[in-house]
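This report refers to the structure that appears directly beneath it.
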Amino acid sequence: AQSVTQLGSHVSVSEGALVLLRCNYSSSVPPYLFWYVQYPNQGLQLLLKYTSAATLVKGINGFEAEFKKSETSFHLTKPSAHMSDAAEYFCAVSEGSGYSTLTFGKGTMLLVSP
Amino acid sequence: NAGVTQTPKFRVLKTGQSMTLLCAQDMNHEYMYWYRQDPGMGLRLIHYSVGEGTTAKGEVPDGYNVSRLKKQNFLLGLESAAPSQTSVYFCASNRKSNQPQHFGDGTRLSIL
């Protein structure tokens, strides 16, 4: 069975500071990994995805994530936070082979202060 | 480009009432999903469909039914609403199971 753990339900940063949102997964087979962002009163939007190609994945809005198999991690980073990055972020995993549904983490709310 | 459209956006029900949430997608996607989102719980899968005429149970299916009579539509039904079903419901779809899912804007449902 697959699962996702997001460390920290809330993360606070200052504008211009590094953003680091942590995600650890478990999967019995090589996984597909995703980060989604949710702005208030909206659905989820895809930020980036890992599908067994390059381990460093670049996404939209300056975000990137690195797949580390040895640590079973897929942490999301952005070098410099912007006020518009304030949102809730979800990590999700699916098993890469065959049919598999997505399993989501519980989310991390990113707060950005001026 | 409409993408995934959910109807209605808001609804208030009384305990015991029934209702149907509609999800429509115009991307010719095979797979469709219904999730519920509760504070601190992330998104939990209620039911999903791998094609027209098929449905399957997800993580939290009790109290809900679904139908996929047309490829573009996926309906979620509550036969006898309970306060525990107060939540925000999201529909999503994708072309293949391991591709990113496209989400609707959600239906906020309150049951009194």
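The numbers here are math on the coordinates, done by the rules we state, and not lab data. A quick note: this is a predicted structure, and the numbers were derived from the prediction, not measured. Cβ coordinates were reconstructed from backbone atoms using ideal geometry, including for glycine residues, and neighbour counts include every protein chain displayed.
Results, tabulated for the structure shown:
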read-out	value
Links that overshoot a 24 Å alpha carbon limit, given the list A:Lys49/B:Lys70; B:Lys71/B:Lys96; A:Lys106/B:Lys14; A:Lys106/B:Lys70; A:Lys58/B:Lys9	A:Lys49/B:Lys70; A:Lys106/B:Lys14; A:Lys106/B:Lys70; A:Lys58/B:Lys9
Radius 15 Å from Cβ of B:Lys71, net charge of other residues (Lys, Arg +1; Asp, Glu -1)	+1
Cβ-defined net charge surrounding B:Pro8, 15 Å radius [Lys, Arg +1; Asp, Glu -1]	+2
Within straight-line cross-link reach of A:Lys78, aspartates and glutamates at Cα separation under 16 Å, skipping those fewer than 8 residues along the same chain	A:Glu15, A:Glu64, A:Glu66, A:Glu88
Residue with peak Gaussian network fluctuation, chain B [Cα springs, cutoff 10 Å], from B:Gly63, B:Gly53, B:Gly40	B:Gly40
